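The structure appears right after this line, and notes come after that.
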Amino acid sequence: MVADTQALGERWSNWAGNQTARPRTVVHPQGVEEIAAAVRAAADAGRTVKPIGTGHSFTGVGAPDDVQMTLERHAELTHADPATGLVTVDAGMSIHDLSLALADRGLALTNLGDIDVQTISGALNTGTHGTGLGYGGLATQIRGLTIVLADGSVVHADDTENSDLYAAARVGLGAFGVVTSYTLQAVPAFGLHAIEEPSTFEELVDDGRFTELAETVDHTEFYWFPHTSGCLLKRNTRVGLDDLQPLSRWAAWRDDELLSNTVFGLTCSLGKAMPALIPRINRLASKALGRREFTAASHEVFASSRRVRFVEMEYNLPRAELTSVLQELRAFLDSAGLEISFPIEVRVAAPDDIWLSTAYERESAYVAVHVVRGSAYDRYFHGVEKIMSQVGGRPHWGKMHFLDAAALGERYPRFADAQAVRDRVDPNRVFANDYSLRVLGA
Ligand SMILES: Cc1cc2nc3c(=O)[nH]c(=O)nc-3n(C[C@H](O)[C@H](O)[C@H](O)COP(=O)(O)OP(=O)(O)OC[C@H]3O[C@@H](n4cnc5c(N)ncnc54)[C@H](O)[C@@H]3O)c2cc1C
């Protein structure tokens, strides 16, 4: 039985608005039994199922063509042990709600990305990451998962039980089954001492300061304003919760809402209407950056609100290649005749052992490029992809790229093993969509 069908033909669109689909049926199951029944019913009818989160991926990874499954009714923290930090969470819970529920119990996720409105399952399935050389992507916090496979069976997977499924489905692109819950390793709640200040490309990249900071600061990243040497450097250091000194409400509103969203949105619109002005706007914006310093609970510092809609590509590369790649990117931007308003984001991460993780077995840097929603990105993103491909770059599964399974197979040592697990657990491709067929193979 496929429960709770919504009107046929309702249109689905992602956050960025660059992916759309028209699912034939939308189901909102609650609990493992309803999820398994919905999968079984769809599979028996020869249909496909796409479990989705909040649509914050820029690729079609979550585009639902047939049965769209949303898990907002399956979104509780069901177990938390403050002594060990092990917690079990339903797949549909948002990272925001999970962080609040953990904070109530004196716990936190050890690292997060830039936003927290996604579902935990969506974030994990695409290899979402933050920054910090001592910290892997979010999926490195998984200790076990429960998944409904294409035949409706409910299977637990961890390091010792179904370990190949575990290695593949932790960053699984929704292509191995519907994950119903995760057991995660949380840590005692902590604060972050944040310092944000202007810097320059020459200092951070050419003179190697970012390389040094990445090795000494817990979580560091920078944004570079294209066509200028201006950068915004962020350094977050882990501290206890005793000495929090958050920004005043006014300062937080001014910086995070007024400047980062409203004013930034206006300058992006201006740049979109008059591209020739972009280099001047970026110079002004990078000069206007001030310094700020504060200490707050980790989840409040890691994540912020993003209201200016954009389309993004992000590549993982070996960290040792970062300096030369950024210099090549600067040369490309100098010569390509492109006008790019959106800052380029640079982060780092620890290696991991997850087969389809972009950071699989390599100390990593991430370079993310963006355009305002509705702007052309083909030439920019193709140019960036070419630079990243020269160093074996691996694209974020949830962000734009142009690679297919043949190219990706060469960049992931365990790609064929992941494909073999998929062939075994989903031979009829119940969980396929156009994107998974392209990037994992038919
Ligand atoms: C403004 C913005 C900021 C971002 N910042 C970052 C960042 O800092 N770092 C980063 O790495 N990424 C970032 N992302 C990307 C984002 O984290 C990922 O695209 C993430 O997948 C979005 O989660 P979602 O809930 O929207 O999932 P969706 O996009 O809806 O789905 C993603 C995938 O998860 C699968 N899935 C969902 N639920 C299940 C389930 N229960 N079982 C199996 N598969 C499932 C879907 O099938 C799909 O394949 C950002 C995106 C945006 C729009």
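The values are calculated or read from the model by the stated rules, or taken from the named source; none is laboratory data. Keep in mind that what you see is a predicted model, and the values were worked out from it rather than measured. Counting neighbours? That spans all protein chains shown, and the Cβs are built from the backbone with ideal geometry, glycine included. Protein only, heavy atoms only, side chains kept; ligands, DNA and RNA dropped before computing areas. Shrake-Rupley method; radii C 1.70, N 1.55, O 1.52, S 1.80 Å.
Evaluation of V178 against the conditions (1) touching an Asp or Glu at 6+ places or on another chain (Cβ under 9 Å); (2) crowded, with 22+ Cβ neighbours inside 10 Å; (3) among the hydrophobic types (A, V, I, L, M, F, W, C) shows that the sole unmet condition is (1). Filtering A365, A359, A349 for residues that are crowded, with 24+ Cβ neighbours inside 10 Å and under 17 Å from G409 (Cα atoms) leaves a single hit, A359. Assuming L107 fulfils every condition listed in (1) open to solvent by less than 10 Å² (accessible area, probe 1.4 Å); (2) at positive phi apart from one, which condition is it? Looking at each condition in turn, L107 falls short on (2).
If you scan the range 22-46, which residues turn out to be in contact with a strand residue (DSSP E or B) (Cβ under 8 Å, 6 or more places away or on another chain) and free of Cβ contacts under 8 Å to residues at least 60 places away in the same chain? So that I can check it myself, show each step before the final result.
Taking the range 22-46 first, the residues in contact with a strand residue (DSSP E or B) (Cβ under 8 Å, 6 or more places away or on another chain) are 22-29, 32, 35-36, 38-39, 42-43.
Across the range 22-46, the qualifying residues are R22, P23, R24, T25, V26, V27, H28, P29, A38.
Collect the residues in the range 108-140 that are within 12 Å of the ligand (Cβ to nearest atom), of a type outside the set (V, I, T) and assigned to a loop (DSSP other than H, G, I, E, B), keeping them in residue-number order. Result: N111, L112, G113, D114, D116, Q118, G127, H129, G130, G136, G137.
Considering only residues in the range 238-272 that are part of a helix (DSSP H, G or I) and over 30 Å from G374 (Cα atoms), the one that is most open to solvent (accessible area, probe 1.4 Å) turns out to be R249.
Specify which of the listed residues (V346, V325) is touching a helix residue (DSSP H, G or I) at 6+ places or on another chain (Cβ under 9 Å) and in a helix (DSSP H, G or I). Lay out the reasoning, then the answer.
Numbers: V346 fails: in a helix (DSSP H, G or I).
After ruling out the rest, the residue left standing is V325.
Under the condition of being among the small types (G, A, S) and assigned to a loop (DSSP other than H, G, I, E, B), the residues counted in the range 146-174 number 5.
Every residue, every condition in (1) at pLDDT 95 or above; (2) farther than 27 Å from P226 by Cα, yes or no:
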{"site": "V325", "(1), (2)": "yes, no"}
{"site": "D334", "(1), (2)": "no, no"}
{"site": "D353", "(1), (2)": "yes, yes"}
{"site": "S357", "(1), (2)": "yes, yes"}
{"site": "A365", "(1), (2)": "yes, no"}
{"site": "V369", "(1), (2)": "yes, no"}
{"site": "K386", "(1), (2)": "yes, no"}
{"site": "D417", "(1), (2)": "yes, yes"}
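Give me the residue from the range 36-68 that is more than 13 Å from K399 (Cα to Cα) and among the polar types (S, T, N, Q) and, out of that set, most open to solvent (accessible area, probe 1.4 Å). Looking at residues that are more than 13 Å from K399 (Cα to Cα) and among the polar types (S, T, N, Q), I get T54.
Within the span defined as the range 23-36, one or more residues are on the phi > 0 side of the Ramachandran plot, at pLDDT 95 or above and not hydroxyl-bearing (S, T, Y). Of all the residues in the range 91-107, those that are within 16 Å of the ligand (Cβ to nearest atom) and either part of a loop (DSSP other than H, G, I, E, B) or under 12 Å from T183 (Cα atoms) (or both) number 3. For the range 303-341: of the residues being more than 14 Å from the ligand (Cβ to nearest atom) and among the charged types (D, E, K, R), which is surrounded by the fewest Cβ atoms within 10 Å (Cβ to Cβ)? Here the residue is D334. Quick one: would you say R143 is open to solvent by 30 Å² or more (accessible area, probe 1.4 Å), more than 8 Å from the ligand (Cβ to nearest atom) and part of a loop (DSSP other than H, G, I, E, B)? Considered against the rule, which asks whether it is open to solvent by 30 Å² or more (accessible area, probe 1.4 Å), more than 8 Å from the ligand (Cβ to nearest atom) and part of a loop (DSSP other than H, G, I, E, B), R143 comes out as no. Scanning the range 246-285 for residues that are at pLDDT below 80 and touching a Ser or Thr at 6+ places or on another chain (Cβ under 8 Å) yields D256, E257, S260, N261.
Just to confirm my filter: which strands (runs of 3 or more DSSP E) fall fully inside the range 1-90 and include at least 3 residues that are within 13 Å of the ligand (Cβ to nearest atom) and under 26 Å from the mean Cα position of the chain (by Cα)?
On the way: elements: 25-27, 49-52, 67-70, 77-81, 86-90.
In the range 1-90, 49-52, 67-70 are the strands (runs of 3 or more DSSP E) which contain 3 or more residues that are within 13 Å of the ligand (Cβ to nearest atom) and under 26 Å from the mean Cα position of the chain (by Cα).
Answer yes if at least one residue in the range 191-207 is part of a loop (DSSP other than H, G, I, E, B), in contact with a helix residue (DSSP H, G or I) (Cβ under 9 Å, 6 or more places away or on another chain) and either open to solvent by less than 30 Å² (accessible area, probe 1.4 Å) or β-branched (V, I, T) (or both), and no otherwise.
Looking only at the range 191-207, we keep the residues that are part of a loop (DSSP other than H, G, I, E, B), and these are 207.
Still in the list and also in contact with a helix residue (DSSP H, G or I) (Cβ under 9 Å, 6 or more places away or on another chain): none.
No: the range 191-207 contains no residue that is part of a loop (DSSP other than H, G, I, E, B), in contact with a helix residue (DSSP H, G or I) (Cβ under 9 Å, 6 or more places away or on another chain) and either open to solvent by less than 30 Å² (accessible area, probe 1.4 Å) or β-branched (V, I, T) (or both).
E72 meets the conditions (1) within 15 Å of G122 (Cα to Cα); (2) surrounded by 17 or more Cβ atoms within 10 Å (Cβ to Cβ) in every case but one. The failed one is (2).
Any residue that is polar (S, T, N, Q), within 16 Å of the ligand (Cβ to nearest atom) and not in a loop (DSSP other than H, G, I, E, B) - is there at least one of those in the range 273-289? Break it down into steps so the answer makes sense when it comes.
Applying the first criterion (polar (S, T, N, Q)) to the range 273-289 yields 282, 286.
Narrowing further to those that are within 16 Å of the ligand (Cβ to nearest atom): none.
Within the range 273-289, not a single residue is polar (S, T, N, Q), within 16 Å of the ligand (Cβ to nearest atom) and not in a loop (DSSP other than H, G, I, E, B).
Counting only residues that are farther than 28 Å from A368 by Cβ and acidic (D, E), which one in the range 418-442 is most open to solvent (accessible area, probe 1.4 Å)? Looking at residues that are farther than 28 Å from A368 by Cβ and acidic (D, E), I get D423. On inspection, G132 passes the criterion of being open to solvent by less than 10 Å² (accessible area, probe 1.4 Å) and under 19 Å from the mean Cα position of the chain (by Cα). Within the range 91-104, being under 19 Å from the mean Cα position of the chain (by Cα) and surrounded by 21 or more Cβ atoms within 10 Å (Cβ to Cβ) holds for A91, G92, M93, I95, L98, S99. For the range 300-322, filtering for residues that are in a strand (DSSP E or B) and not hydroxyl-bearing (S, T, Y) leaves 8.
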